[in-house]
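Worksheet: one structure, shown below.
The values are calculated or read from the model by the stated rules, or taken from the named source; none is laboratory data. Because the structure is a prediction, the values reported are computed rather than measured. Here Cβ is always computed from backbone atoms with ideal geometry, including for glycine, and neighbour counts include all displayed protein chains. All accessible areas refer to the heavy atoms of the entire protein, side chains included, with ligands and DNA or RNA removed. Shrake-Rupley method; radii C 1.70, N 1.55, O 1.52, S 1.80 Å.
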Amino acid sequence: MTLSLATSISITGTASNTSKMPGKSIGLSAFSCKTGAKLAKIPGSVCNKCYALRGFYRMPSVQKANAIREHGLSHPQWVDAMVVLINNSVSFAIPEWRWFDAGDLQSSQHLDNIVAVARQTPMVKHWLPTKELKMVRAYMKKKSGVIPSNLVIRASAPMIDQSPVKGHANTSTVSSGVDVPYAGHRCEAYRTDKHGTIVSHDEHHAMDRPTKKVRDFGHCGACRKCWSGDVGNVDYLQH
């Protein structure tokens, strides 16, 4: 299957350019999240002020692109098309791929298909953060827990300042405090600028808004811990 065929018949749509992260991604509408849509209504949840429910994500062109991607999930050639899209979107220099810069898993079958894609793209490092833990458990039970080593599924805690979800090897949390409350890694993207320079928390906190805008913080820089199965929990500072 060619790249033009994979996208022209509206199976996958196009990849997202995640400018502050390495590699590319693909997303769905956050309005289609099963668990996230419920959490968005709960104060104190990580989805309550979701960036993907406002601003740029409400533009008709973005909503149309997400609709194409969501419709294509049931296409019998979805796995083949995603393999083609990913192979044409990553490089040996930047082999990372993020699932869902917006949105989340739609079913355990969706996860089954993603696993199939990961198996067919062994040189690509896949990161899948998700709050659809029932779907993950359903897949794990059905498939005896077999996940390819190049796919890291991070079970995301639904509430701010909640401890990591139990029963999962790889997790993520969001904390309101400066200190890392849980074992693992505190994401430093909030104080990493567009050049990959990491400033101290105090220096970042002391900067005024115009300076922060010029420095353009929020980049991964050289860090790839979200994609690493060796890192149990990644904690993000609330922002």
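For this structure, a couple of remarks:
- Within the stretch 86-109, restricting attention to residues that are in contact with a helix residue (DSSP H, G or I) (Cβ under 8 Å, 6 or more places away or on another chain) and more than 27 Å from Arg54 (Cβ to Cβ), the residue that is least open to solvent (accessible area, probe 1.4 Å) is Ile86.
- The one condition from (1) buried (at least 16 other Cβ atoms within 10 Å of the Cβ); (2) over 21 Å from Met135 (Cα atoms) that Ser45 does not meet is (2).
- Residues located in the stretch 73-105, provided they are aliphatic (A, V, I, L, M) and in contact (Cβ under 8 Å) with a residue 24 or more places away in the chain: Leu73, Val79, Ala81, Met82, Val83, Val84, Leu85, Ile86, Val90, Ile94, Ala102, Leu105
- The set of residues in the stretch 196-217 being open to solvent by 30 Å² or more (accessible area, probe 1.4 Å), within 24 Å of Glu96 (Cα to Cα) and part of a loop (DSSP other than H, G, I, E, B) consists of Gly196, Thr197, Asp216.
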